[in-house]
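Working notes, structure below.
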Amino acid sequence: MNSVRTYMLLLYAAFLSLTSGAQEAGGRVMLRHALTYVGKPYTAHTLEVNEEEQLVVNLEEVDCTTFVEYVLAQSLAETDGDRFEDYLRKIRYRNGIIDGYTSRLHYLTEWIASGVQNGFIEDLTALHSPDTLSIRLSFMSTHPEAYRHLKDSPANRQRMKAIEERLSGQTVHYLPKEKITDEGYPWIQSGDILCITTDIPGLDVVHLGLAYYQNGQLQLLHASSSKKKVTFSSGSFAEMFAHNPSWTGVRVLRLKRH
Ligand code: 2YP
């Protein structure tokens, strides 16, 4: 059953690429690349395999963040002809410069702001939702045991604390979970990036994936840590909030076409 589903999805991805005569909307480009990851295994900490920070490209096993990063970099490289790795480095690192573990954009608040500043993505929630939340970051510096390069390095813990203080205090727009419906909204398209906000103390985003409409229902296409693979939510995106009490809402981003 699984292989039939995968075959149908690849057929759909091929169809999307053939019908992309007119300038393909950003979401469509993202979706076409994302569908090629369906079924790939979920693996955490694929970016922590080296002592010294360097650009890791592992398209065969992904977590929620690396899945979205690879799809975004592939989509940008396709539409702008630049090299995939150049885009990935600019997506993943502050000012595109790799300078140790803390130069990586660990918090989605900074990852999003950097992507908007680079002109890679636009923040649709800022355009369509009046609700805002205040950013308070401290999770990594207060849970160093969960991050090998923090646990082993007081200097990195110091640097991370300073980054968290710099980023804290800003407000960002989001769509509160109470306003997320099964059928979604016209301003949220398949292929848009969904960053799920949280009330876990000191954390901004707790999971991310892509919007995917199926049978008129807004679903999540994501690297699932529970299902251990890239897959679609079994129900609607809205329904997922009932099973995840720490989820508070969503920030919606879209690939910017050049
Ligand atoms: C990020 O975690 C890490 C980055 O260090 C890492 O944990 C934090 C704050 N950042 O470079 C990146 C890629 O591995 O992962 C993600 C994690 O989600 C996991 C990967 C998932 O659901 O699959 C991002 O931060 C996206 O949501 C949060 C979540 N981290 C925690 O919940 C602590």
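Each reported figure results from applying straightforward, stated rules to the coordinates on display, with no laboratory input. All values reported here derive from a predicted model rather than from experimental measurement. Neighbour counts are summed over all protein chains in view; Cβ atoms, including those assigned to glycine, are modelled from backbone coordinates with ideal geometry.
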Counting only residues 5 or more apart in sequence or on a different chain, those whose built amide H sits under 5 Å from that of Gly249 are Lys177, Thr197
I need Trp247, Trp111, Trp187 ordered by Cβ neighbour count within 10 Å, fewest first.
Trp187, Trp247, Trp111
Can you tell me, using C-alpha contacts under 8 Å and at least 6 residues apart, the relative contact order of the chain as a whole percent?
23 percent
Contact order relative to length of region 57-196, as percent, for alpha carbon pairs under 8 angstrom and 6 or more apart
19 percent
Scoring region 122-168 by relative contact order with C-alpha pairs under 8 Å, at least six apart, yields a percentage of 41 percent
Ordering of 71-78, 93-100, 115-122, 221-228 by packing [mean C-beta count within 10 Å, highest first]:
71-78, 221-228, 115-122, 93-100
So how far, in whole Å, is the C-alpha centre of region 18-92 from the one of region 175-199?
21 Å
Exposure-ranked with fewest Cβ neighbours within 10 Å first, Arg148, Arg83 stand as Arg83, Arg148
Charge dipole (region 27-89, unit charges on Cβ, about Cα centre) - positive-most of Leu72, Val38, Leu88:
Val38
Roughly how big is the chain's charge dipole about its Cα centre, with Cβ charges of +1 (Lys, Arg) and -1 (Asp, Glu), in debye to the nearest 20?
140 debye
For Lys161, which lysines qualify as cross-link partners when the Cα separation must be under 27 Å and same-chain residues fewer than eight apart are set aside?
Lys90, Lys151
Residue of Leu167, Leu137, Leu108 that the Gaussian network model of the chain assigns the largest fluctuation, springs spanning Cα pairs under 10 Å:
Leu167
Order of Met240, Met30, Met160 from fewest to most other C-beta atoms within 10 Å?
Met240, Met160, Met30
Helix axis angle, 108-117 relative to the chain longest principal axis, alpha carbon, degrees:
70 degrees
Rank Val205, Tyr7, Leu194 by how far each Cα sits towards the positive end of the charge dipole of the chain (+1 on Lys, Arg Cβ; -1 on Asp, Glu Cβ) and give me just the farthest.
Tyr7
Which of the lysines could a cross-linker span from Lys179 if the Cα-Cα distance has to be under 27 Å and same-chain partners fewer than 8 positions apart are dropped?
Lys227, Lys256
Helix 26-35 vs. the chain, principal-axis angle (Cα, 0 to 90°, nearest 10)
90 degrees
